[in-house]
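The values are calculated or read from the model by the stated rules, or taken from the named source; none is laboratory data. Every value quoted in this text rests on a predicted model; they were computed, and no experiment measured them. So basically every Cβ, Gly included, is an ideal-geometry build from the backbone, and we count neighbours across all protein chains shown.
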Amino acid sequence: MTDTTQKAAAEVIPAAPVPAPASRGTRAWRGVTPWLFLIAPLALLVVFTYAPIVNMVAYSFTDWDGVSPELHYTGAENYREVFTRPDLFEVFWVSGYYLAASAVQTVLALYFATVLSFNVRFRNFFKGVLFFPYLINGVAIGFVFLYFFQDGGTLDSVLSLLGVKTDHAWLGTPVSANTSLAGVSVWRYLGLNFVLFLGAIQSIPGELYEAAELDGANRWHQFRYIIAPGIKPVLTLAVILSISGSLSVFEIPYIMTGGATGTETFVIQTVNLAFRFNKTGLASAAAIVLLLIILLVTWVQRRLVPDDKVDLV
Amino acid sequence: MNRRTVLAVVVGAALLVPGCTGTGGSSKGADAAAPTDPSKVTGTIKVLTVRTDLVQDGTLKKYAAEFNKTYPKVKVEFEGLTNYEAEVKIRMNTENYGDVLLIPAVIKKSDYPKFFASLGTEAERSKKYRFTDFTTVDGKVYGQSPVGVSPGFVYNKRVWKEAGVTEWPTTPAEFLADLKAIKAKTDAIPYYTNFAAGWTLTSWTYVDGSVTCDPQATDKLAEGDPWAEGADLRVGDTLLYDTVKSGLIEKDPTTSNWEESKPRTAKGEIATQWLGTWAIVQFQDAAKKAGVNPDDIGFMPFPAQVDGKFCAVIGPDYNQAVNVHSPHKAAARAWIDWFTDKSGYDKDNLAISPLKDAPLPDVLKPYEDAGVKFIELDDSKGAQVKTIDNQSETGIYAPEYRQNLVDLARGARKGSLDDFLGDLSKRWTDAQKTAGS
């Protein structure tokens, strides 16, 4: 085994350092090489992302029911219906809970990322603890937390251990249910935000902190004047992600409550339109509208907070 | 053209290709005739089913082995789908959706000939089988349910007896009084909503017909207002509302658990649930597993009487049909006929036989003793009801409507019952106008 490897290596090595003068053929070949590498990911992207979107746009102009071989072109009728039915947009109030939760989540993630970027005991362990929930499948999380919030379930048991006796139905009222679900969502996505922030913080050169300490800056000053400006682009990204995320919440409420008790989100409503009432055309239009809303919000946000170059030194 | 333009054109062209493939060709419809000589039928057929449990424990294989004694050259394969409706719906956009499948609710009745092969004319099949009009289009039948089901309350006899109730309640008010007695005299939860599972609540729609004992109840849904005073659905919904409002249900419905509810009912922790005959066998199994007496599981009709008699509606379960694109239609037809007539599937599930001349199963013996009247609903307007339902987004076969009703009754949603039902009937009757004919 070692013999053959060595032989192969011996044969290759002398050939490598010779800088072959690039002929016409090689140059063309070089131009093609990156595209050859890109074929697989591009094909996947086109087949599984762009092609379905194009199909969806096409369906949004029809009255297709999702299965019938016949469909009729109805023009902008579906869009007219989406925009003339205020009840379809009422569900966006639910997104407010998730938006508030994502603010909490960003602050928490920033706090933990800052703390754990300094030398703390059991640092890697805590990093693992915080990031772990993000690795779990969303459906599994839904089921786990269904038991967690059950009457006499994990949450109630833990609280009673602490001497708090509650008889609260956690998913019982719209406010309580949405808060609970938003809490689950914080638990789940905190890790992602945390890792983004931690990466950004660790890319700040260490000398800066040393210099700052020599100048007598405390931890708060270090955060305020070094970390915060240093991670601004990532912070903007996190905010965009959490806004678009809270507008399109789906998995956790769909698995846990199915949208009952006032926890229906826009995406759940769209799925119901498509698969329960067989209005695939209308649902496609609603999905496109959601896409446009998210693009619009992102655009407004980018205009308000321009992404300027960061220069710490 | 620079590189970017080339790329854009290529990607754009690639995107347009799938955009054009929205519709498949529609076929003309075909017949799946019953084979005359069993030994000559050949082919491998795939049977789609919702009974994943029977696929896993090998029960279906046993049926197939039995089937092969008559049809030795047919190989039967099973595919269990957990999320049947959604998965089959997507597969039916192609031609590969098994050889035998269950007709999903989403398919419009008028589209049946495009997807399924006919099993024969209604005039001929209705002599032998029940439920033929549920799948009849232009005089031809496209499916056959292997079992019949009837909605009703699954209840724990022991608990009801402990509460001092020995007679089935005959009015909703009596039913509520009985549940209150159970709450006062026993530790059991009088009524379990199974709110979280959702689909269990949809059983309440099958109240339709039981209250007025009218075989034309489906016509009334299509043409009248289902939530008018005294209409079947209103009576059913009001009973559910009052039950919840009087605090006769589980403490936290939002985290209720269907699988757990079976052994709990068997053990007497839960007294009553509105389900159907299909559930009896599952609850008895749960009782056996929990080591309690399966005979404690009882079944009673909706608390309403017409001329002093209870009324039970018998309807089909999923209808089996032959894929119109199947290359082995004779074998597929043979399977449906055998499974319906000879497999004993109905008896194994304590269900009502789809054959008109077959006797009622033993579990419905108390019904016979009590003189319960059995009716079958006329389904000629069934397709229209489905259209109105989708159009109005009421979802009478979907969980949300009853979940909202339960939320309303327990105060998690604002409003009154009258407004809630009034809104439903307004949406329903508005949709009737546009979806009419």
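What to note about this one:
- Residue in the stretch B:370-382 that is assigned to a helix (DSSP H, G or I) and either of a type in the set (A, V, I, L, M) or surrounded by fewer than 17 Cβ atoms within 10 Å (Cβ to Cβ) (or both) present: no
- Subset of the stretch B:84-106 (residues that are assigned to a loop (DSSP other than H, G, I, E, B) and more than 15 Å from the chain's Cα centre (by Cα)): B:Met92, B:Asn93, B:Thr94, B:Glu95, B:Asn96, B:Tyr97, B:Gly98, B:Asp99
- Once the stretch A:83-99 is narrowed to residues that are within 13 Å of chain B (Cβ to nearest Cβ) and surrounded by 12 or more Cβ atoms within 10 Å (Cβ to Cβ), the residue that is nearest to A:Val249 (Cα to Cα) is A:Val91.
- Sole exception among (1) within 28 Å of B:Gly139 (Cα to Cα); (2) away from every other protein chain (no Cβ under 13 Å) for B:Glu77, by number: (1)
- Residue match in the stretch B:382-391 (condition: more than 14 Å from chain A (Cβ to nearest Cβ), on the phi < 0 side of the Ramachandran plot and in contact (Cβ under 8 Å) with a residue 24 or more places away in the chain): yes
- Inclusion of A:Ala286 among residues that are under 24 Å from B:Leu405 (Cα atoms) and either within 14 Å of another protein chain (Cβ to nearest Cβ) or part of a loop (DSSP other than H, G, I, E, B) (or both) is not warranted.
- Residue check: A:Asn193 meets all listed conditions (1) closer than 24 Å to A:Lys127 by Cβ; (2) surrounded by fewer than 21 Cβ atoms within 10 Å (Cβ to Cβ) but one, namely (2).
- Here is the figure for the stretch A:45-57: residues that are touching a residue at least 12 places away in the same chain (Cβ under 8 Å) and facing chain B (nearest Cβ under 7 Å) total 0.
- Some residue of the stretch B:107-115 being part of a loop (DSSP other than H, G, I, E, B), within 14 Å of another protein chain (Cβ to nearest Cβ) and modelled with pLDDT of 90 or more: no
- Qualifying positions in the stretch A:58-71 - assigned to a loop (DSSP other than H, G, I, E, B) and facing another protein chain (nearest Cβ under 8 Å): A:Trp64, A:Asp65, A:Gly66, A:Val67, A:Ser68, A:Pro69, A:Glu70, A:Leu71
- Among the residues listed as A:Ala200, A:Ala212, A:Ala274, A:Ala238, the single one being within 30 Å of B:Ala86 (Cα to Cα) and touching a residue at least 12 places away in the same chain (Cβ under 8 Å): A:Ala274
- Per the listing B:Val147, B:Val106, B:Val76, the residue uniquely surrounded by 19 or more Cβ atoms within 10 Å (Cβ to Cβ) and free of Cβ contacts under 8 Å to residues at least 24 places away in the same chain is B:Val106.
- Of all residues in the stretch B:397-409, those being modelled with pLDDT under 90 and more than 8 Å from chain A (Cβ to nearest Cβ) number 1.
- Condition check for B:Phe67: surrounded by 15 or more Cβ atoms within 10 Å (Cβ to Cβ), within 12 Å of another protein chain (Cβ to nearest Cβ) and aromatic (Phe, Trp, Tyr): no
- Filter result for B:Gly98 (closer than 17 Å to B:Ala334 by Cα, touching a His at 6+ places or on another chain (Cβ under 6 Å) and away from chain A (no Cβ under 14 Å)): no
- Single residue of the stretch B:347-369 satisfying the filter (outside any loop (DSSP other than H, G, I, E, B) and not charged (D, E, K, R)) that is nearest to the chain's Cα centre (by Cα): B:Ile352
- Of all the numbered requirements in (1) without any contact (Cβ under 8 Å) to a residue 24 or more places away in the chain; (2) away from every other protein chain (no Cβ under 14 Å), B:Asp252 misses one, and that requirement is (2).
- B:Ile270 farther than 30 Å from A:His168 by Cα and in contact (Cβ under 8 Å) with a residue 24 or more places away in the chain: no
- Considering only residues in the stretch A:123-134 that are in contact (Cβ under 8 Å) with a residue 12 or more places away in the chain and of a type in the set (A, V, I, L, M, F, W, C), the one that is surrounded by the most Cβ atoms within 10 Å (Cβ to Cβ) turns out to be A:Leu130.
- Which listed residue, of A:Ser160, A:Ser180, is within 14 Å of chain B (Cβ to nearest Cβ) and without any contact (Cβ under 8 Å) to a residue 40 or more places away in the chain: A:Ser180
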